[in-house]
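The structure appears right after this line, and notes come after that.
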Amino acid sequence: MWGVRSVLAVWVAALAVVGAGALPAGAVRNADPEADLAYHGAASMAGGTVDVRFTPRHHGLSAVPDATVRLRWSVGLADAQVLPVGCARSQERVVLCRVGALAADDIGEQIALRVRLLGAPSEVLLEIDTVSSGGAVGRNRVSDRQRVLVLDTGDEYYF
């Protein structure tokens with residue numbers, strides 16, 4: 001016959017086997033590479049031309065194999081643009097720029113570009129956000145989004 005200790009030992013062993021497959025929710029999520037990208041820089045506008053420079057920073061715990069940032073303006077871009085290597089126009093108001101690979105807690109290379117807007121608006125809203133992080137998952141999407149209102153004053157507006 002089974003004694004109380006034998007039954008208790010089998011029950012504890014069964015719980016250990018079942019529990020081994022169940023991990024806390026945080027442990028499951030950390031199995032995916034984690035991206036936490038942020039962009040800080042400045043933008044200025046004069047005569048319908050916007051100068052933007054920013055530096056990507058990765059605050060995540062895992063390396064990001066390749067990232068892409070989107071710059072979207074509230075006003076359409078002029079047809080002809082001269083963009084730096086790694087940047088390409090993707091829509092009427094959008095430019096994509098390659099950030100590249102970033103190690104955990106790393107600072108990327110500064111990205112600087114000049115775009116010409118349609119007409120000569122007195123202001124433009126610039127939105128910057130990550131569109132691709134090479135398979136790494138961004139849990140804090142607030143940090144990788146910036147919005148800055150740039151007035152046609154020639155002054156720099158920091159974000």
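Brief remarks on what is shown
- Taking label points 7 Å from Cα along the Cα-to-Cβ direction, GLN81 and ASP66 give a separation of 2.0 nm.
- Fully extended contour minus Cα-Cα distance, from ILE107 to ASP129, at 0.36 nm per residue: 6.3 nm
- Between ALA42 and HIS59, full extension at 0.36 nm per residue minus the direct alpha carbon distance yields a gain of 4.1 nm.
Coordinate-derived values only; no laboratory data. Small disclaimer: the values here were computed from a predicted structure and weren't measured. Using ideal geometry, Cβ is built from the backbone for each residue, glycine included, and neighbour counts are taken over all protein chains shown.
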